[in-house]
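Worksheet: the structure to be examined is printed underneath.
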Amino acid sequence: SIVSKNSFWPKPKVDSAIIKIVLQKIDKKINEKDFFNLARAGFANRRKQLKNNLKKILNKINEEKLEKIFQELNFNFKIRAQELSVNDWIKLYKKIYE
């Protein structure tokens, strides 16, 4: 639904929208909290490369291991979070958490 720009202070130049996201369980082995923490970390700094964003939260994984995971998944080392599909995120999650 649309929310008028008049509903905010200071008033923005554009109207806003509210969306509802309904999650479907993709895989029973995936811990939803861990999955979204991983995705949140990946998108934490939009302009940074994914591996640099993930290094900050994945204390248990060093850069060498993370690069090995990227290589196994055939990800470019300079990939950014927005370049991954949902299936890529699931594959990354499984490599890190399983």
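The values are calculated or read from the model by the stated rules, or taken from the named source; none is laboratory data. All values reported here derive from a predicted model rather than from experimental measurement. Glycine gets a Cβ as well: all are built from the backbone with ideal geometry, and neighbour counts include every protein chain shown. Calculation scope for accessible area: heavy atoms of the full protein, side chains included, ligands and nucleic acids excluded. Shrake-Rupley method; radii C 1.70, N 1.55, O 1.52, S 1.80 Å.
Convex hull over the alpha-carbon atoms of the chain: what's its volume per residue in Å³?
Residue-normalised Cα hull volume stands at 138 Å³.
Gaussian network model of the chain, Cα springs within a sub-10 Å range: biggest mean-square fluctuation belongs to which of Asn45, Asn76, Asn59?
It is Asn59.
Given 0.36 nm per residue, what is the gain on full extension from Asn62 to Arg47 after removing their alpha carbon distance, in nm?
Value of the extension gain: 3.3 nm.
Taking the Cα atoms only, what angle lies between the long axis of helix 63-72 and the longest principal axis of the chain, rounded to 10 degrees?
The helix 63-72 is inclined about 90 degrees to the chain.
Using the charge dipole of region 1-83 (Lys, Arg: +1 at Cβ; Asp, Glu: -1 at Cβ; taken about the Cα centre), state which of Phe77, Phe36, Ser16 has its Cα farthest towards the positive end.
The Cα lying farthest towards the positive end belongs to Ser16.
Which one, Lys56, Lys33, Lys20, has the greatest fluctuation when you compute a Gaussian network model over the chain with C-alpha springs under 10 angstrom?
In the Gaussian network model the winner is Lys20.
Against the longest alpha carbon principal axis of the chain, how many degrees, from 0 to 90 and to the nearest 10, is the axis of helix 32-42 turned?
90 degrees
Could you work out what % of the accessible surface of the chain is carbon and sulfur, using a 1.4 angstrom probe and leaving DNA, RNA and ligands out of the count?
Carbon and sulfur atoms account for 50 percent of the accessible area of the chain.
Helix-only mean residue ellipticity at 222 nm, the chain, DSSP H runs n ≥ 4 weighted -39,500 (n - 2.57), per residue, nearest 500. What is it?
Calculated mean residue ellipticity at 222 nm is -12500 deg cm²/dmol.
Each residue of region 43-52 in order: what ³J(HN,Hα) in whole Hz does its phi give by Karplus 6.51 cos²θ - 1.76 cosθ + 1.60, θ = phi - 60°, with x for Gly and Pro?
9, 4, 10, 3, 7, 8, 5, 4, 4, 5
Treating the beta-carbon of each Lys and Arg as +1 and of each Asp and Glu as -1, no other charges, what is the dipole magnitude of the chain about its Cα centre, to the nearest 20 debye?
It comes to approximately 300 debye.
Accessible area per residue, 1.4 Å probe, Å², for region 8-98: what's the number?
It amounts to 79 Å² per residue over region 8-98.
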